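**Q** First the structure, which I've put down as structure tokens, then a few questions once you've had a look.
Rule-based calculations on the coordinates, nothing more; no lab input. Just so you know, these numbers come straight off a predicted model, no measurement behind them. For neighbour counting, all protein chains shown are included, and Cβ atoms are generated from backbone atoms with ideal geometry for every residue, glycine included.
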Amino acid sequence: MPQEPSPRQEAAGRLAAGLVGLEALVVAGFAVFYAYELLIGEGSDPVVVVMSIVTMLVFVVGLAYVCVGLWVRHPRAPAPAMAFNGLMIPLGFAMFQFAPLWLAGGVAGVGMVVIAATISMGRLD
């Protein structure tokens, strides 16, 4: 019989879901920006730009599903959340070479917080 989550576990799940939802919105924003650049003719190769948009939209859909899964505490939602954010941590550290400190730190920090919050959710049955 599954045990009811504690208030701390509920809060951790809501935090993880909110941050993953924010990541989905950021990626969607990049997709819109790429589409705008394509429309005004600034893209170097239209095929590359279109495929980048498609790839970003696939990630948006996936992250949105993960966000909803974390929100409702679905047992399969933590794995993709931790996998995606596990890749965000080294990306954030690599960004310190060329991006503003707040942006690079934010990318790495959000990745770490999502992984910690997802682990803090406890076992999902």
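**Q** Report the gain in length on full extension from ALA11 to ALA79: 0.36 nm times residue separation, minus Cα-Cα distance, nm rounded to one decimal.
**A** On the way: separation 68, 0.36 × 68 = 24.48 nm, distance 1.82 nm.
So the extension gain works out to 22.7 nm.
**Q** Follow-up. Taking a ≥ b ≥ c as the square roots of the Cα gyration tensor eigenvalues, with a/c under 1.5 meaning rounded and otherwise prolate when a/b beats b/c, else oblate, which class fits region 24-125?
**A** Numbers: a/c = 3.12, a/b = 1.54, b/c = 2.03.
Oblate, because a/c is 1.5 or more while a/b does not exceed b/c.
**Q** How long are the semi-axes of the equivalent ellipsoid of region 1-83, taking √(5λ) for every eigenvalue λ of the Cα gyration tensor, in whole Å from largest down?
**A** Numbers: eigenvalues 245, 25, 9 Å².
After diagonalising the Cα gyration tensor, the semi-axes are 35, 11, 7 Å.
**Q** With only Lys, Arg, Asp and Glu charged, each at its Cβ (+1 for the first two, -1 for the last two), find how big the charge dipole of the chain is about the Cα centre; round to the nearest 20 debye. Don't skip to the end; give the middle numbers.
**A** On the way: 5 positive and 7 negative charges, 90 e Å.
That gives the chain a dipole magnitude of about 440 debye.
**Q** Something else: To the nearest 500 deg cm²/dmol, what mean residue ellipticity at 222 nm is calculated for the chain from DSSP H runs of n ≥ 4 alone, each contributing -39,500 (n - 2.57), summed and divided by the residues? All intermediate terms of the calculation are to be shown ahead of the outcome.
**A** Values: 4 runs with 97 residues, N = 125.
-27500 deg cm²/dmol, from helical runs alone.
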